[in-house]
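For reference, the structure is listed below as structure tokens.
The values are calculated or read from the model by the stated rules, or taken from the named source; none is laboratory data. Just so we're clear, the structure is a prediction, and the values are computed from it rather than from any experiment. Because the Cβ atoms are built from the backbone with ideal geometry, glycine has one as well, and the counts that use them run over all protein chains shown.
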Amino acid sequence: MQNTPQGSVKENEILFYQAGAWLTTDEINRNVEQAAKAIQESLARLRNEVTRFEQDLPGVVRVHLDERRRLAEADASTTAGI
């Protein structure tokens, strides 16, 4: 994106800043719209990744817990045999 506006987040809004004597109103509006669209697309990807993470997390945790349980049971068996 050319001449990307800068921005900041204040409470529940994003404020865009763009400077340049050569910029027209249409260029500024187009640049801000492109930046807003890029933010929306990034948020959509993030939502999908979070959803996938939430779906996968129980299985990942289960694998690690099962391994820890197996090791703990093996240690308990070894200790009991001493």
Can you find, within the range 3-15, the residue that is modelled with the lowest pLDDT among those that are surrounded by 12 or more Cβ atoms within 10 Å (Cβ to Cβ) and not in a loop (DSSP other than H, G, I, E, B)?
Gly7
Which ones in the range 16-28 are hydrophobic (A, V, I, L, M, F, W, C) and either farther than 18 Å from Ile39 by Cα or loosely packed, with under 10 Cβ neighbours inside 10 Å (or both)?
Ala19, Ala21, Trp22, Leu23
Kindly indicate which of Gln40, Gln34, Gln55, Gln18 is touching a helix residue (DSSP H, G or I) at 6+ places or on another chain (Cβ under 8 Å) and either modelled with pLDDT of 90 or more or not acidic (Asp, Glu) (or both).
Gln18
